[in-house]
Amino acid sequence: MNFDKIGLQVPEILLPNKDVDLHKWSVVACDQYTSQPDYWAKVAEIAGDAPSTLNVIFPEVFLEDADGDKRIASINNTMQQYLDEGVLVPMEKPGFVLVDRKTSQAPSRKGLVMAIDLEHYDFNKGSQTLIRATEGTIVDRLPPRIKVRQDAAIELPHIMVLIDDPQRTVIEPLFEKNPQPLYDFELMMDSGHIKGYAIDTPELIQQTVDALTQLADPQVFADKYNAQGRDVLLYAMGDGNHSLATAKAIWEKIKEEADDVQSVMDNPARFALVELVNIHDEGLQFEPIHRVIFNVNPQQLLKDMQAHFNGNCSVVRCDNEADMKARAQAASGDNVHIVPFNDASGYGYIQITNPEYTLELATIESFLNDYLEKNGGKVDFIHGDDVVNELGVKEGNMGFFFPPISKHSLFKTIIFDGALPRKTFSMGEADEKRFYLEARKIK
């Protein structure tokens, strides 16, 4: 059942059968703990010989290993085995899965697993589609992901897609309808608890469709964002940007190779299973991702930055970190971007007036990317002030502290500025990311 105007399909979702140990079945998104093979070794130890999504995903920590093709072949074989042996079975009826996730940081984060239409998604810069990327898509990162998915019999999503629903009309009311429980268990590696419920009656499906249709109403959209004349944005990528881009690339290839495009429009690869999350959910937190630059001359960089911004950029040196934070806070205001920094000389902040972009990070990167390309240097993406304080003050380094992006301004930023720079924000800690659980046939 497809609802084209809101880019939604009511999918036939596959779940593990009642004999599967869900604690061993469900593992975290493949793009987490990418520098921690010990984490994945522990996951393998927990899963043992039991059916597990670990056997049907490719953790990115192993992407550079020499046995990649062998691993992908094993993934595809195991997917088919899980289907043939009834490890994965369909829900009683096509529908959605209502999710309530407890994490280490939040008692509850609610979501709705459904399928979205890739015909309404375009990850390219300047996209005005119903479904949009929130950060720049690095096309060079797609080929290894395409290799994993292109022959896969099923998909298991770690993709989280955001809706901007301040009145809580889509997901939250479903919990009041006493939906049928599907699962209820502790996630491995101290990652919290998860419960799932079936949303598969015509009444609840229609209620969901009606609420999303209202959010996508062009006039409602225009009034909400003061965006008259702009195309509606209903779904914004949260996590799994490159996974959804991979699904899109494969779908476009299927259409390209078809003798008649209309003949493949019912192909299951046209859709992608995702978890929908309301950006206003109290359990959803955005955290900033800072930058540390290595192998640069900070004094020259700051001088060139001032020239780049044509007199709209000033640099203020401070006595210490506390002084920097206090003075940077006092300097904040409308139509000005304040970016604290540190280097071997100490602390300070950059003040840029009349910025072209909405976010401080976008403003700095409009200069920084070109500067590093021309002058050399390396950038790393950092979680936490403490790491920036440790690394930024070393000789030849420079750290930039960015404020957390307000999740309440994300949609408006995407509508007016387009996709954000990569690594702008993180939706929680690694152990809060989506765990693989539900699946859907894509062949």
Rounded to the nearest 20 debye, dipole of region 290-401 from Cβ charges on Lys, Arg, Asp, Glu: 220 debye
Karplus 3J(HN,Hα) series, Hz, for region 279-286 with 6.51 cos²θ - 1.76 cosθ + 1.60 (x for Gly, Pro): 4, 8, 5, 5, x, 9, 10, 9
Solvent-free Debye scattering, log10 I(q)/I(0), computed from the Cα coordinates of region 290-401 at q = 0.19, 0.20 Å⁻¹: -0.98, -1.10
Full-stretch length increase - ASP323, ASP417 - with 0.36 nm per residue and alpha-carbon distance subtracted: 30.6 nm
Gained length - ASP260 relative to SER366, 0.36 nm times residue gap less alpha-carbon distance: 33.9 nm
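Where the only charges are on Cβ atoms (+1 Lys, Arg; -1 Asp, Glu), what is the dipole of the chain about its Cα centre, to the nearest 20 debye? Each step should come with its number before you reach the end.
Working: 43 positive and 69 negative charges, 104 e Å.
Once rounded to the nearest 20, the dipole reads 500 debye.
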Computed label-point distance, nm, for sites PHE294 and ASN124 using a 7 Å Cα→Cβ extension: 3.6 nm
Among GLY68, VAL20, PRO51 the positive-end extreme of the charge dipole of the chain (Cβ point charges): GLY68
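Residues with beta-carbon under 12 Å from that of GLY283, excluding GLY283: net charge, scoring Lys, Arg +1 and Asp, Glu -1?
Working: positive: ARG101, LYS102, ARG109, LYS110, LYS407; negative: ASP100, GLU172, ASP281, GLU282, GLU432.
So the surrounding residues net to 0.
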Alpha-carbon centroids, region 151-225 and region 276-302: separation in whole Å: 28 Å
For the chain, with +1 on Lys and Arg beta carbons and -1 on Asp and Glu, the positive-most of SER406, THR134, GLY376 along the dipole: GLY376
Entry for Cα extents along the principal axes in Å (calculated from the structure that is shown) out of (1) 65, 52, 48; (2) 102, 50, 43; (3) 82, 40, 36: (1)
Two-site FRET efficiency, SER74 against VAL220, from Cβ-Cβ distance with R₀ of 56 Å, rounded to 0.05: 0.70
Under 17 Å from the Cα of LYS407 - lysines, other chains or at least 8 residues apart: LYS110, LYS224, LYS423, LYS433
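How do PHE416, PHE286 line up, fewest other C-beta atoms within 10 Å first?
Working: PHE416 13, PHE286 18.
Ascending Cβ contact count within 10 Å gives the list PHE416, PHE286.
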Distance (nanometres) between label positions extended 7 Å along Cα→Cβ at ASP38 and GLU186: 2.2 nm
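Can you give the net charge of the other residues whose Cβ lies under 15 Å from the Cβ of ALA307, counting K and R as +1 and D and E as -1?
Numbers: positive: LYS303, LYS374; negative: ASP304, ASP370.
Net local charge, ALA307 excluded: 0.
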Cα-projected label distance for THR353 with VAL139, points at 7 Å along beta-carbon direction, nm: 4.1 nm
Theoretical gain in end-to-end length, LYS443 to GLU395 [0.36 nm per residue, Cα-Cα removed]: 11.8 nm
Sum of -39500 (n - 2.57) over DSSP H runs of 4+, divided by residues of the chain (222 nm, nearest 500): -9000 deg cm²/dmol
Span-rule helices in the chain, defined as complete DSSP H runs reaching 18 Å or more along the axis (Cα) with Kyte mean at least 0.0: 202-215
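Can you give the net charge of the other residues whose Cβ lies under 15 Å from the Cβ of TYR357, counting K and R as +1 and D and E as -1?
Working: positive: LYS125, LYS412, ARG422; negative: GLU135, ASP334, GLU356, GLU360, GLU365, ASP370, ASP417.
Around TYR357, the surrounding residues sum to -4.
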Residues listed by number, region 220-241, amide nitrogen under 18 Å from GLN167 label point at 7 Å toward C-beta: 220-227, 233-235
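Laboratory data are not the source of any read-out in this text; all were calculated from the coordinates shown. Computed from a predicted structure; not experimentally measured. Here Cβ is always computed from backbone atoms with ideal geometry, including for glycine, and neighbour counts include all displayed protein chains.
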